[in-house]
Amino acid sequence: METATPAKRPPAITGICVIGALGVVALAWLAFSGNLYGAPDWYPPYLTVSAIAGATAMVGLFLMRKWGLLLYGGLFAVNQIVLLATGLWSVQSALVPVIVIIVASQHYGRMR
């Protein structure tokens, strides 16, 4: 019986996941801190759900799973729409996620 060997995680993916985990913690803190003056009432719960989805995507990337990258890409798309709808969109809000998607996509073939 042949067993599948786990995909070795590239250092770039490890770095993305470590920084992503810190971002998830910061996002969760922001959602619960009360420092969202002027934001719609639905925004803190949205940030909480977004943090949970982001953490799940980071776990998927860390485990070298394709679904982790796909979830991250979907979350990126939804977040950009929300930021546009709330008037909070900026190039900076898209720059880091686009870089993450480009770097992680280079390793998509090695993911399971």
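No value in this document is a laboratory result; all are computed from the given coordinates. Only a predicted model underlies this, so the values are computations on that prediction, with no experimental measurement involved. Because the Cβ atoms are built from the backbone with ideal geometry, glycine has one as well, and the counts that use them run over all protein chains shown.
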| query | Just Ala31, Ala39, Ala77 to compare: in a GNM of the chain, with alpha carbon springs under 10 Å, which one fluctuates most? | reply | Ala39
| Once the piece of chain linking Leu22 and Val49 is laid out straight, how much longer is it, given 0.36 nm per residue of separation minus the C-alpha distance between them? | 8.1 nm
| remark: Residue by residue through region 104-112, the couplings from Karplus 6.51 cos²θ - 1.76 cosθ + 1.60 with θ = phi - 60°, in Hz, x for Gly and Pro, are 5, 5, 5, 10, 4, x, 8, 7, 9
| query | Got the relative contact order for the chain handy, in percent, Cα pairs under 8 Å and 6 or more residues apart? | reply | 29
| note | Note: probe point = Cα of Arg9 + 7 Å toward Cβ; backbone nitrogen < 19 Å; residues of region 51-68 passing the test are 52-68
| remark: Farthest towards the positive end of the dipole of the chain, among Val98, Ser50, Ala31 and with Cβ unit charges of +1 on Lys and Arg and -1 on Asp and Glu, lies the Cα of Val98
| query | In whole Hz, what ³J(HN,Hα) sequence does region 47-63 give by Karplus (6.51, -1.76, 1.60; θ = phi - 60°), x for Gly and Pro? | reply | 4, 5, 5, 5, 5, 5, 5, x, 5, 5, 5, 5, 4, x, 5, 4, 7
| task | For region 56-73 and region 14-41, write down the distance between their C-alpha centroids in whole Å. | result | 18
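How far, in nm, would the chain grow between Leu83 and Gln106 when pulled straight, counting 0.36 nm per residue and subtracting the alpha carbon separation?
On the way: separation 23, 0.36 × 23 = 8.28 nm, distance 2.69 nm.
Extra length available between Leu83 and Gln106 comes to 5.6 nm.
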| query | What label, among (i) 58, 25, 21; (ii) 101, 17, 11; (iii) 48, 28, 25, belongs to Cα extents along the principal axes in Å computed from the structure on display? | reply | (i)
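Taking the Cα centre of the chain as the origin, how large is its charge dipole in debye, to the nearest 20, when only Lys and Arg (+1) and Asp and Glu (-1) carry charge on their Cβ atoms?
Working: 6 positive and 2 negative charges, 89 e Å.
Here the chain has a charge dipole of around 420 debye.
Between Lys66 and Phe32, how high is the FRET efficiency from 1/(1 + (r/R0)^6) when r is the Cβ-Cβ distance and R₀ = 41 Å? Nearest 0.05.
Values: r = 32 Å, r/R0 = 0.77.
That gives a FRET efficiency of 0.85.
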| Given springs between every Cα pair under 10 Å in a Gaussian network model of the chain, which of Ala57, Ala28, Ala12 has the largest fluctuation? | Ala12
